[in-house]
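Quick notes on the structure that follows.
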């Protein structure tokens, strides 16, 4: 079985056997793509260049999506941890 992962931004990598990775450069590029394939998981950077990964998760929640999200960040910020927990992604 192959796990289908979408990474936003594209630099996040998961190149391992058993994983199919689709990379999208930004949250803004991900949202309007209504023909994107189904993903088993999203890997989102907390601090993206425009809309944050947390904001993307919130928008997906509003759209009724229950796709699991893994947040990736180089910044251990308690405020970001709290915001992530509020949108369903506890640290």
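A short reminder: the numbers here are calculations on the coordinates, not readings from a lab. Every value quoted in this text rests on a predicted model; they were computed, and no experiment measured them. Neighbour counts run over all protein chains shown; Cβ positions are idealised from the backbone, glycine included.
Here are the numbers for the structure shown:
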| quantity | calculated |
| --- | --- |
| Label point distance in nm, residue 41-residue 66, each placed 7 Å from Cα along Cα→Cβ | 1.9 nm |
| Computed label-point distance, nm, for sites residue 28 and residue 58 using a 7 Å Cα→Cβ extension | 1.7 nm |
| Exposure proxy order (Cβ contacts within 10 Å, fewest to most) of 80, 45, 40 | 40, 80, 45 |
